[in-house]
Amino acid sequence: MKFEDIEIEEVDFGAMLEESFKREESGNDLVEGKIIKINEGENQALIDIGRKKEAIINLDQLKNKEDGSLLFNEGDKISVVVTGHRGDRPIVSYEMAKKREALNAFIDSYDETNEYQIEGIVTKKNKGGYILECDGMEFFMPRALAYFNQKADPVGKKVKAIITKVDKDRGSVVVSRKELIDREKGKIDEIAEKLLQDKIVVEGTIKMITSYGVFVDVGGVDGLVHYSHISHKGPVNPSKYYKIGDKVNVVALDYDKKKKHLSLSMKDACNDPWNEIDNIISKGDTVNAVVSNIEPYGAFVDLGNDLEAFLHVSEISWDKNVKHPGDYIKSGQTIKVEIIEVDKDKKRLRVSAKNLIDKPIDSFASSHKIGDIVKGTITSLTDFGAFVKIDSLEGLLHNQEISWDKSQNAKNSLKVGDEVEVKIINIDTKTGKISLSKKSLEDSPLKKFASTHKVGDIVNGTVKDKKDFGLFISLDDKVDALIRTEDLAPLKFDEVEKGQEISGVIVLLDDANDKIRVSVRRLERQQESDNLAKVNKSQDDSMTLGDILKDQLKK
């Protein structure tokens, strides 16, 4: 016997089921046949089902799904379902027969006094409804009982349904998803209304976590806890605090019966700690806290008792160059902090971690003193000076302390990374500031000048700069002297120009503070005094005062 060139049509389960409802002799399409011929080359087999022509079946249905071996041999008897015809030759399905036999066995054992709930996959849809496959059986779900969105395709969707009708004569089972949903809705209404009425605290299980809150199952009903109702800390990201399956206490807030939306609250299920904050925590307390969230500007820490505090980046370390809190602390880490602010009105707590650590400036002051000469590395340059790192701290080398040459400053004479030797000229433990000097390691030009000059000496200088309070003149040995405006007479301030040479008398010489002042006004008196001294020295001691005056008048 040869196979004919016949294409096997795809089985239309829905059409077949509808056809089964029309047939008076239901079940006749499930027949027992005998395998007449197996042709693996054409992947087909011929089955004798007692009709004029043998039925044809796709050989894939008769193979083991795991290893591809044949389950039957020629001559074996096999149950099949007639699924259609091509001309006068039947087309049969072994897989359908297995499902039909399983369904018939279920129908035979069906007990009308019991309620059956099933869960299956929607495999097909037709004009009348859908085919729901469960445990190798196929059940019919009419469109009116499916409760599906007509715009969506439910094929492939896993759903639950209730068996509503079993027709043993027709060999069919009808299920309803709508009835099950209606029952669940009624259950939701009952549970939600009771929760709202009693206002009791109940335990639920977190089913889903979203960016806007968590869904909690309470007695089979899912309610939403909005992120603003999770904690007395304020709005929080639930994924940072909870995971699916966690048990939580909740209270019902509201229920929209039409939309079946149940609103729950976790924070209202426990006491607000701020109502008893004075008994819980005070400013100055030292507590353990868990880092819950890190931001570029600081971190939020959990103090327990549904309290959260803010740890500003400036309170993490005494290091003033903290780039990111994550370089010092990690999420989930337990740290010790001090309460530095309790704001009841704003319900805000601030804490400090650095207050519980020894100040680096105190350690520095215990091992260094003013006058010490140390080496350090330049870390940064500014318009006003340079910062030099000594041990773990930075000190300021101000521009005026870099060199006795006032034309030099940090940016034109130093580079970041340079190692410099400096003298400590001040340690301020209150502000944490260290002042340094580089020029103090060298003799000042004024000190050298003071070794050869004294107050009262007449000096010559060139005008270097003019200020509102006076002008500066450049003397020998790179020394600058100040002539105050009131000491400039008989010269007029507006008439004096830069580069002009001026003579004056030294009136102040303070090499310790690098200060020298010159007066033009005193120059004339000084010259008169010098002339008088010269006259006195040139005259004989025997001359009288009258002789001296007479001699001066002759001139």
(request) Considering only residues that are of a type in the set (D, E, K, R), assigned to a loop (DSSP other than H, G, I, E, B) and within 59 Å of the chain's Cα centre (by Cα), look in region 424-483 and name the one that is nearest to Gly499 (Cα to Cα). (result) Asp468
(request) From the list Glu179, Glu112, Glu138, pick out the single residue that is among the charged types (D, E, K, R) and under 30 Å from Leu262 (Cα atoms). (result) Glu179
(message) Looking at region 368-399 only, could you name the residues that are modelled with pLDDT of 90 or more and not in a strand (DSSP E or B)?
(response) His368, Lys369, Ile370, Gly371, Asp372, Thr382, Asp383, Phe384, Asn399
(message) Take the conditions crowded, with 17+ Cβ neighbours inside 10 Å, under 30 Å from Gly395 (Cβ atoms) and not β-branched (Val, Ile, Thr) and apply them to Ala289. Does it pass?
(response) no
(message) So, in region 409-424, how many residues would count as being small (Gly, Ala, Ser), more than 12 Å from Leu396 (Cα to Cα) and in contact (Cβ under 8 Å) with a residue 24 or more places away in the chain?
(response) 1
(request) Look through region 318-348, keep the residues that are in a loop (DSSP other than H, G, I, E, B) and of a type in the set (S, T, N, Q), and return whichever of them is surrounded by the fewest Cβ atoms within 10 Å (Cβ to Cβ). (result) Asn321
(request) List every residue pair whose Cβ atoms sit under 6 Å apart, with the two residues 6 or more apart in sequence or on different chains, where the first one lies in region 78-92 and is surrounded by 15 or more Cβ atoms within 10 Å (Cβ to Cβ) and the second, anywhere, is hydroxyl-bearing (Ser, Thr, Tyr). (result) Val80/Tyr94; Val81/Ser93; Thr83/Ser93; Ile91/Thr83
(request) Residues being surrounded by fewer than 14 Cβ atoms within 10 Å (Cβ to Cβ), under 23 Å from the mean Cα position of the chain (by Cα) and assigned to a loop (DSSP other than H, G, I, E, B): count how many of those fall in region 193-236. (result) 4
(message) Every residue in region 249-302 that is within 30 Å of Lys199 (Cβ to Cβ), of a type in the set (S, T, N, Q) and outside any strand (DSSP E or B), please.
(response) Asn271, Asn275, Asn279
(message) I want to confirm something. Restricting to region 217-256 and keeping residues that are in contact (Cβ under 8 Å) with a residue 24 or more places away in the chain and among the acidic types (Asp, Glu), which single residue is farthest from Ile191 (Cα to Cα)?
(response) Asp246
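The values are calculated or read from the model by the stated rules, or taken from the named source; none is laboratory data. Because the structure is predicted, anything quoted here is derived from the model rather than measured. Neighbour counts run over all protein chains shown; Cβ positions are idealised from the backbone, glycine included.
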